[in-house]
Amino acid sequence: MKQVTLGHSGLSVTPICLGTMTFGEQVNEPLAHTILSHSLERGVNFLDTAEMYAVPPKAETFNATEKIIGNWLEKNPGARQKLVIATKVAGPSRGMPWVRGGSPDLTAADIISACEGSLQRLKTDVIDLYQIHWPTRNVPMFGAMYYDPSRDNPALTSMHAQLEALGTLVKAGKVRAIGLSNETPFGVHEFVRLAEQHGLPRVATVQNVYNLVSRALENGLDETMHHLGVSLLAYSPLAFGLLTGKYDVSGIDGPDAPREARIAKYESVRKQRWGRKESFAAAVRYNALARENGMTPSQMALAFCYTKWQVASTIIGVTSVVQLDEDLNAWGTTLAPEVLKQIDAIRAEMRDPAC
């Protein structure tokens, strides 16, 4: 895999990134270490994690994933120099009292403190890419659809103050580059404008959902990122398993649904965008299209992300070495123009049900 540069940062990464949110929940520490080692052996140099992980979030597994990665790095002293490691500070934490007491804000001090914690858990001196996991502003995210200006709260920490905190971390050598996640076109523009106006670090990346059943990014955010030179890290390329075909016959809640898969196992996930009947119906259509063209559903869904001009690196999350190899082996798959037309035809009919 030819490496790509993230934004204007100078960070060079593989176009496939190992996501780790399953570590500490679905994946125990020994298996996680095996997956990390195998991923590195296969040539993947990019890891993504977050202080909030494992997922689904809960007090018992808060910070667990970073600790697992840190223990692996300690056992494999040569690995750190081969890797670009990204992590994230959680945004406002309403409903999660174990994260900064459930604060509705993300202050500059919170960012500094959270970064120090991540550095300790990861057992590293520097974080290559440090991201704000979700905005402090009231914006539609995680499946929400509408912006409501009446819910804006100017008393919350500004983007400028957050950017200054990130700049402090960069200046101190604790962070190499910064990024955003679950952001909007306005948010990306404003962070870049503030950086240019005040001589602060420029956002290198945005980590947003992007897959066959959730392509809303193509309705404006892709243009923003293209013109501003900000790279997309596409997460959930398999739509939490909907695009693997594993639920096509059983459904999500059927008695024959794979009980250890994320949507079937966790009620909180089923209540999100991935559990919508419209998301399932669209996924079944895409999965059938893959099979009609001699591909597995996973292979087509991953090839869609791997080959789109919008995507710098695709984040894959796995629970086994077998899954990891399947996802990596899909690299190099190309989609014929006729298949891409059929994909767009399904989208025109069913839109983006998991946006």
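The values are calculated or read from the model by the stated rules, or taken from the named source; none is laboratory data. These numbers were taken from a predicted model, which means no experiment stands behind them. A quick note on method: Cβ atoms are made from the backbone with ideal geometry, for glycine too, and the neighbour counts reach across all protein chains shown.
Side notes on the structure shown:
Conditions tested, residue by residue: (1) farther than 20 Å from Ile263 by Cβ; (2) within 16 Å of the chain's Cα centre (by Cα); (3) modelled with pLDDT under 95.
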| position | (1), (2), (3) |
| --- | --- |
| Pro297 | no, no, no |
| Cys305 | no, yes, no |
| Trp309 | yes, no, no |
| Ile315 | no, yes, no |
| Val318 | no, yes, no |
| Gln323 | no, no, no |
| Ala330 | yes, no, no |
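- If you go through region 39-67 and keep only what is free of Cβ contacts under 8 Å to residues at least 60 places away in the same chain, assigned to a loop (DSSP other than H, G, I, E, B) and over 15 Å from Glu29 (Cα atoms), you end up with Gly43, Asn45, Pro57, Lys58.
- Filter pass, Ala64 being among the small types (Gly, Ala, Ser) and touching a strand residue (DSSP E or B) at 6+ places or on another chain (Cβ under 8 Å): yes
- Selection count, region 131-152, where residues are under 17 Å from Asn208 (Cβ atoms) and surrounded by fewer than 12 Cβ atoms within 10 Å (Cβ to Cβ): 2
- Scan of region 227-243 for residues that are buried (at least 21 other Cβ atoms within 10 Å of the Cβ) and over 16 Å from Thr314 (Cα atoms), ordered by number: Leu242
- Selection from region 296-355 of residues that are closer than 26 Å to Thr224 by Cα, in a helix (DSSP H, G or I) and either in contact (Cβ under 8 Å) with a residue 24 or more places away in the chain or in contact with a Cys (Cβ under 9 Å, 6 or more places away or on another chain) (or both): Ala301, Leu302, Ala303, Phe304, Cys305, Tyr306, Thr307, Ile343, Ile346, Arg347, Met350
- Selection within region 317-338: residues that are in contact with a helix residue (DSSP H, G or I) (Cβ under 9 Å, 6 or more places away or on another chain) and under 24 Å from Glu223 (Cα atoms). The member of this set that is surrounded by the fewest Cβ atoms within 10 Å (Cβ to Cβ) is Thr334.
- Whichever residue in region 216-226 is farther than 13 Å from Trp309 by Cα and not aliphatic (A, V, I, L, M) and, among such residues, is surrounded by the most Cβ atoms within 10 Å (Cβ to Cβ): Thr224
- Near pairs, Cβ below 9 angstrom, 6+ apart or cross-chain, from region 194-213 (in a helix (DSSP H, G or I)) to any residue that is among the basic types (Lys, Arg): Ala195/Arg202; Glu196/Arg202
- Restricting the first member to region 252-266 and to residues that are touching a residue at least 40 places away in the same chain (Cβ under 8 Å) and closer than 19 Å to Val55 by Cβ, and the second to residues that are part of a loop (DSSP other than H, G, I, E, B) and not basic (Lys, Arg), the beta-carbon pairs closer than 6 Å and six or more apart or on different chains are Tyr266/Pro56.
- Checked against the criterion of being closer than 22 Å to Gly167 by Cα, surrounded by fewer than 19 Cβ atoms within 10 Å (Cβ to Cβ) and of a type in the set (Lys, Arg), the candidates Lys88, Lys75, Lys82, Lys123 yield just one match: Lys123.
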